[in-house]
Structures are given as C-alpha cells and as structure tokens.
Amino acid sequence: MFSLYYLFREMLAQKRRLLLTIFALAWATTAIACMLAIGEGLRVNFGNTMAASGKNLLIVFGGQTSRAYQGSSINQTINLTQQDFNNIQQALPNINITPEYMFNSPSQFGDQTNNLSISAVNPDYANLRNIQVQTGGRFIDELDNQNARRVMVIGVDLAKQIFGAVNPINKILLLSGQPFQVIGVTKPKAQLSSYMMPDNYMAFIPAHTYIALANPQIISDFVIVPNNTGDMAAIKQQVRQLIANAHQVDPTDPSIIYLQDTLKQQQATQRVFGGMQWFLGAVGVLTLIVAGVGIANVMFISVQRATREIGIRMAIGARTYHILSYYLVEALLTTAVGGMVGIILAKGIVYSLTLIPLNAPIFRWVGKPQPILSWELIFIVIGILSVIGFLSGFFPARKAANINPSEALRYE
C-alpha cells in the first residue's frame, strides 16, 4: 500500500511547492553550516595564536613586597637569582624549567644600526616556547651554550628588517660591538601572547654567552612547563613559597612575584570563542527551525487537500502506518534534498572565503582566521536536520493517519 513511485509522482506534481520548500531548507542549512564553520575557524585560529608562545606555560617574574615581614620592608624589590632557579629545580622534579635573561642591545650590520630585544636562553627554551627554525638554520644547542659561543637566532621579521632579501645565515651582526654569527631564522608565526616582543622580532643568544660577557646577577624570568597541567595551582604555591623563603619575605604576599599562566589564558580564549560558536550555531538552528515550521505547514496543507484521497486509500485497505510512513518519508526526503543542497552551498562558500587574501598587518599578530567546515560539524548539521525533518513530518503524518475514512470520503 506504500509506493515510492506514487510518492515521487505526487511530490513532483507540486513542483513549485517542492522547490520552495527545498530552497528554504537549503538556505537554512547553508546558514547554520557557515555560522558553525566561522565559529570553529575563529576558535581554532585564536587558540593557535595563544599557544604560539608555548603550551601550558607558567612565566615567573620578580615583584616587590606589599607588606613588612620579619625585617623586610614594604616595596622591597624581589629579583630572581640563580639560587632561586636551583631551589625550584631541586624541589619540583615534576616540571621543566629554564631561565631567561632579557635585555636590549644596539646592533650593527654594515651601515645599519638597530636596537634589538634579546633573550639569552638555554637550548631547551625553543621546545618550551614553541620556537621553530627555518630550513638551513638551527637553534642554539648544548655546545653553543657550554662553550659560550657568540651565535644568535633571529626572528623572521627582524631578519627582514636587518638583512632585507639577503640570506642572514652565517652573517655577522655586532651586538654592543661584539660579533655574533647568525645560525638560524625562526619560522613565521602569529602570536597574541607575549611578555616582551613577539618571537618574530626577537633575537636569541646562548645564556652562558651572556653570562660570560655581562655577569648578570638577576634572571629576568623562569619559564616553567609542568608535566601534569593539573598540578599548576600547587606549583604556583610552591614556587611562591620557595622564593619567599630565599628572600625572607612573606609567602602570603601576592605581589612578591608575578605569574603569567598561559594555560589559564588559553582556556579563557577557548571559552570565549566556544561560546561564540554556540551563539552562531543557535542562530543557525533557529533559522533551520523556521524552515522546519514551514515544512510542517506545507505538509498540513497537503494533508488537508488530500483528505478525500486518504479516505479512499484507507477504505480499500491502507493501514494507519502506511499513511503515517507516506507523509513522514515525504518530509524526510524533502529535508534530505534541501540539506544536501545546503551543505554543498556551504562548502562552496567556505572554500571561497579561504581564497580571500588577508594581508593587513594585524593578521601577522592575530593570525588569519579561516572558516573550518569539518566532518564533525557536517554530522552535527545532519543530525539537527534529521530531527527537524522528522518532527516537521511526524505531526502532519499523524493527523493524516488518524483521519476517519467515512468522514474523509464525504470531505469536499
């Protein structure tokens, strides 16, 4: 009693209604898919730019006291030292920690002079801070550090600023009159989180080289990465306690050190853009619901017009489930075709958006956000479509299945 041929014939008999319904569904599907893709692209892009400085970092800076404590005065400066580094390294074996010396230095290459922002670091710094070097160069290694070699790695934008189109590798750059050989250029990266200059504009030299030249007594900061991110709160407390004990200041004083927790920043960024994605998705779902209501209304009208025909079919033996499945399948087929067209359109729009050139200077800092229509998002859209298509067809189908055959035959 249920024939797909008959169903298709009846659907095609109302071409205008069918096309308008499919268009409404396709438009709603395109809207929700594009909105979810834009939200996903923003979330991924800003997550990557936040993580460009390194994942799950804790940066420790010296501070100053805000209260008197056992002989220490208010506003006493707390400078980080090698002893602080040794204490933390010995007391916390569940972390990776490296010191960083930051300073500015005049530089000269030929007739060109610049003032550079420089970090003197150990070899493990590159891994902790997610710094990668272009092919043909390398980062500072253990031999460079142990032998206090005068070598340096420079950021990609700094290399363009100083050397232009010339390959910087093996070139000699004078820092405060001292010759340093360029051994590497960093790969370009968008970077939102930074506590000095973005890595694209930084220069890096071996820590032992700087110690041999300047004999610094103060370490600018410690870069810490815990082996288990769940230990971050306890690590912060222990670091504060160790530094307070070494400098004989109040361990409960929150200003004796400054902590920059990139894990917390990254989580906050993910929450913000995750919320934006939910909002955009909700707007798209509402659009799809409106289209579903339209389908339901069209189906109700279709049932009303076919009341006499339904009565005849039931009079000659059609069961309730035959009538129910007929209109339910009609709604699901219409939804499927409209959804398929919508996803194809969304794919085309997303691809077109990725071709738009984003060359403004701001995109070197925040990255180039591009919509991402992943299979996961497509399955989400298909799931929402399936639910809306089923509901929009179920109630009209139930009405049709509950028609009294004797009354339907008298219906004009």
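The values are calculated or read from the model by the stated rules, or taken from the named source; none is laboratory data. Bear in mind that the values here come from a model prediction, so they are computed numbers and not experimental data. A quick note on method: Cβ atoms are made from the backbone with ideal geometry, for glycine too, and the neighbour counts reach across all protein chains shown.
Listed values, structure above:
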quantity	calculated
Residue selected from segment 316-374 under the condition modelled with pLDDT under 75, among the aromatic types (Phe, Trp, Tyr) and surrounded by fewer than 17 Cβ atoms within 10 Å (Cβ to Cβ), by the criterion farthest from the chain's Cα centre (by Cα)	321
Among the residues listed as 139, 163, the single one being surrounded by fewer than 21 Cβ atoms within 10 Å (Cβ to Cβ), modelled with pLDDT of 95 or more and of a type outside the set (D, E, K, R)	139
Filter pass, residue 52 being at pLDDT 90 or above, farther than 30 Å from residue 283 by Cα and of a type in the set (Gly, Ala, Ser)	no
Matching option when the condition is assigned to a helix (DSSP H, G or I), buried (at least 17 other Cβ atoms within 10 Å of the Cβ) and modelled with pLDDT of 80 or more, among 249, 239, 298, 303	239
Matching strands (runs of 3 or more DSSP E) fully within segment 77-185 where at least 3 residues are among the small types (Gly, Ala, Ser)	112-121
Neighbours by Cβ (under 6 Å, 6+ apart or cross-chain): first from segment 161-178, on the phi < 0 side of the Ramachandran plot and not assigned by TED's automatic domain parsing to the domain that holds residue 114; second of a type outside the set (A, V, I, L, M, F, W, C) and assigned to a strand (DSSP E or B)	none
Residue match in segment 230-237 (condition: touching a residue at least 24 places away in the same chain (Cβ under 8 Å) and under 24 Å from the mean Cα position of the chain (by Cα))	yes
Residue 74 at pLDDT below 95 and crowded, with 16+ Cβ neighbours inside 10 Å	no
Only listed residue being more than 33 Å from the chain's Cα centre (by Cα), among the small types (Gly, Ala, Ser) and either more than 21 Å from residue 214 (Cβ to Cβ) or surrounded by 17 or more Cβ atoms within 10 Å (Cβ to Cβ) (or both), chosen from 155, 110	110
Hits in segment 106-139 (condition: charged (D, E, K, R) and either touching a Cys at 6+ places or on another chain (Cβ under 7 Å) or free of Cβ contacts under 8 Å to residues at least 24 places away in the same chain (or both))	111
Conditions (1) out of contact with any strand residue (DSSP E or B) (no Cβ under 9 Å at 6 or more places or on another chain); (2) under 30 Å from residue 369 (Cα atoms); (3) surrounded by fewer than 18 Cβ atoms within 10 Å (Cβ to Cβ): number failed by residue 284	(3)
